[in-house]
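Contents: one structure, followed by commentary.
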Amino acid sequence: MVTAVHKASVMKLSDGLFLSCTQEVAKNYPDIRYEEMLIDNAASYLVSNPGRMDVMVMPNLYGDIVSDLCAGLIGGLGLTPSGNMGKGCMMAEAVHGTAPDIQGMDMANPTALLMSALMMLRSMDLHDTADKIAKATYTVLKEAKYTTKDIGGNSSCSDYTKAIIDRIDV
């Protein structure tokens, strides 16, 4: 199911146009269920019943807020991947940006960037490579021996990254 998230009750012109566009596109895909939901309700569902949501489309402002909300639900921005996808291309990035306040301190959590790279690898049909890296990453996270401070550990970014590399099955 695709959920168009909006606040057209208040943002009548901008979100009204957004809904008109999503409704028009939805007509081209009759086999895919389409619904519309106010951003307030969508945020509530994401916290109380996240499994109810599948694919969500929304204007950029709501997407920025929702991505931060979801990041908080899973442990923080350091774990949250992001990707902008189009026909034949993709840009992967960490949601949190560059973290200039901790630049050069070897303490950033690289998981978000790594997970974004996995999305990119999968978009390039390099599933085996992505799966090997993902397995190693999840193993290190589960062991919780080499995690960064933002997720409860005491390891540096370098030590965390080395632990992942050491666990990749080549």
Exercise. Taking 7 Å along the Cα-to-C-beta vector as the label spot, tell me the Ile165-Lys132 distance in nanometres, rounded to one decimal.
Key: 1.5 nm
Quiz item: On average, how much accessible surface per residue is there in the chain, in Å², for a 1.4 Å probe, leaving out ligands, DNA and RNA?
Solution: 63 Å²
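In the range 62-138, what percent of the accessible surface is made up of carbon and sulfur (1.4 Å probe, ligands and nucleic acids excluded)?
On the way: 2820 of 4560 Å².
It is 62 percent, rounded to a whole number.
What does the charge count near Asp68 come to, summing +1 for each Lys or Arg and -1 for each Asp or Glu among other residues with Cβ under 15 Å from its Cβ? List each step's numbers first, then the result.
Values: positive: none; negative: Asp64, Glu93, Asp150.
Neighbour charge sum, excluding Asp68 itself: -3.
Stokes-Einstein D for the range 96-143 at 37 °C, 0.692 mPa s, Kirkwood Rh over Cα pairs, in µm²/s? Don't skip to the answer; put the middle values down first.
Working: Rh = 12.0 Å.
It comes out at roughly 274 µm²/s.
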Exercise. Mind checking which lysines have their Cα closer than 18 Å to the Cα of Lys149? Skip sequence neighbours fewer than 8 apart in that chain.
Key: Lys162
Exercise. For Met53 and Met124, calculate 0.36 nm times their separation in residues minus their Cα-Cα distance, and state this gained length in nm to one decimal.
Key: 23.0 nm
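At R0 = 22 Å, how high is the FRET efficiency between Leu61 and Met1 if r is their beta carbon distance? Nearest 0.05 is fine.
Numbers: r = 23 Å, r/R0 = 1.03.
The computed FRET efficiency comes out at 0.45.
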Self-check item: 3J(HN,Hα) from dihedral phi, the range 75-83, Karplus parametrisation 6.51/-1.76/1.60, rounded to Hz, x for glycine, proline
Solution: x, x, 5, x, 10, 9, x, 8, x
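Starting from the residue with the highest accessible area, list Ser48, Ser14 in decreasing order, probe 1.4 Å. Please report the intermediate quantities before stating the final value.
Working: Ser48 85, Ser14 65 Å².
Order by accessible area, largest first: Ser48, Ser14.
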Quiz item: Does anyone have the angle between helix 14-27 and the longest principal axis of the chain? Alpha-carbon axes, 0 to 90°, nearest 10?
Solution: 90 degrees
Exercise. Could you tell me which label, among (1) 146; (2) 122; (3) 159, carries the value of volume of the Cα convex hull per residue in Å³ calculated for this structure?
Key: (1)
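Taking the Cβ of Val5 as the centre, find all other residues whose Cβ is under 11 Å away and add up their charges (Lys, Arg: +1; Asp, Glu: -1).
Local charge sum for Val5: -3.
Please get the size of the charge dipole for the chain, origin at its Cα centre, with Cβ charges of +1 on Lys and Arg and -1 on Asp and Glu, quoted in debye to the nearest 20. Could the numbers behind the result be given before it?
Numbers: 14 positive and 20 negative charges, 33 e Å.
Here the chain has a charge dipole of around 160 debye.
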Self-check item: Chain lengthening between Asn154 and Thr98 when straightened (0.36 nm per residue, less Cα-Cα)
Solution: 18.1 nm
Self-check item: Helix-only [θ]222 nm of the chain, DSSP H runs n ≥ 4, -39500 (n - 2.57) each, per residue, nearest 500
Solution: -15000 deg cm²/dmol
Quiz item: How high is the relative contact order of the chain, given as a whole-number percent (alpha carbon pairs under 8 Å, six or more residues apart)?
Solution: 16 percent
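The values are calculated or read from the model by the stated rules, or taken from the named source; none is laboratory data. Remember, it's a predicted structure, so these values are computed and weren't measured experimentally. No Cβ is skipped: glycine too gets one built from the backbone with ideal geometry, and neighbour counts run over all protein chains shown. Calculation scope for accessible area: heavy atoms of the full protein, side chains included, ligands and nucleic acids excluded. Shrake-Rupley method; radii C 1.70, N 1.55, O 1.52, S 1.80 Å.
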